[in-house]
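Asks: Got a structure for you, written out below as structure tokens; questions coming shortly.
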Amino acid sequence: MSDVLSTQILLGIRKIVFDKFNDITIRFTNDEIFEVLKIQNSAISLTIDDMKPFFDKLHKDGFLRPIAQNFTTQWFKLFGEVEKTNCDSCNNEIHIGKLEERICPSCKISI
């Protein structure tokens with residue numbers, strides 16, 4: 001998978017979380033995120049099993065945390081609320097957790 005596609009998927013997951021699950025008390029699943037991602041971008045030919053590395057990356061980045069797992073379904077909560085901002089470097093709208101390092105998830109430049 002190309003780096004560009006991987007970045008697009010990660011940005012898509014971040015936006016879905018911002019739009020639908022932006023509350024630190026709400027739990028959500030990888031299945032819920034995956035279904036919305038597939039609806040928004042039907043050209044993505046991934047399975048739910050292909051999504052694990054993306055959620056692992058978001059956990060490593062401090063965006064979300066796993067709280068439970070049942071076979072391929074994982075439940076998550078946010079470390080902190082997510083905010084929307086624009087990156088001055090790449091001019092993309094980005095969604096970043098308030099507790100994350102202030103680095104653009106798209107271009108990797110400090111914001």
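Asks: Scan the stretch 7-19 and report the pairs whose first residue is of a type in the set (Gly, Ala, Ser) and whose second residue is surrounded by 18 or more Cβ atoms within 10 Å (Cβ to Cβ), with Cβ atoms within less than 7 Å and a gap of 6+ or a chain change.
Replies: 12/37
Asks: Which of the residues that make up the stretch 54-78 are free of Cβ contacts under 8 Å to residues at least 24 places away in the same chain, surrounded by 12 or more Cβ atoms within 10 Å (Cβ to Cβ) and either under 16 Å from residue 20 (Cβ atoms) or out of contact with any Phe, Trp or Tyr (no Cβ under 9 Å at 6 or more places or on another chain) (or both)?
Replies: Within the stretch 54-78, just 56 meets the criteria.
Asks: To continue, here is another question. Please find, among 45, 6, the residue that is loosely packed, with under 14 Cβ neighbours inside 10 Å, within 12 Å of the chain's Cα centre (by Cα) and not in a strand (DSSP E or B).
Replies: Details: 45 fails: within 12 Å of the chain's Cα centre (by Cα).
Matching residue, one of 45, 6: 6.
Asks: Further, regarding this structure: Being outside any loop (DSSP other than H, G, I, E, B) and within 20 Å of residue 3 (Cβ to Cβ) is the filter here; which residues of the stretch 88-109 pass it? Don't jump to the end; show me each part of the working.
Replies: If we filter the stretch 88-109 for residues that are outside any loop (DSSP other than H, G, I, E, B), which is where we start, we get 93-97, 103.
Listed by number, the residues that qualify are 93, 94, 95, 96, 103.
Asks: Let me ask you something else. Filter the stretch 9-29 for residues that are closer than 14 Å to residue 55 by Cβ, under 10 Å from the mean Cα position of the chain (by Cα) and not aliphatic (A, V, I, L, M); which is surrounded by the fewest Cβ atoms within 10 Å (Cβ to Cβ)?
Replies: Applying the filter and picking the extreme gives 12.
Okay, residues lined up against (1) touching a strand residue (DSSP E or B) at 6+ places or on another chain (Cβ under 8 Å); (2) closer than 12 Å to residue 13 by Cβ; (3) hydroxyl-bearing (Ser, Thr, Tyr):
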residue	(1), (2), (3)
41	no, yes, no
56	no, yes, no
59	yes, yes, no
81	yes, no, no
86	yes, no, no
93	yes, no, no
100	no, no, no
110	yes, no, yes
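None of the figures in this text is laboratory data; all of them are computed from the coordinates on show. Bear in mind the structure is a predicted one, so any value in this text is a computation, not a measurement. When we count neighbours, we look across all protein chains shown, and the Cβ atoms used for this are built from the backbone with ideal geometry, even at glycine.
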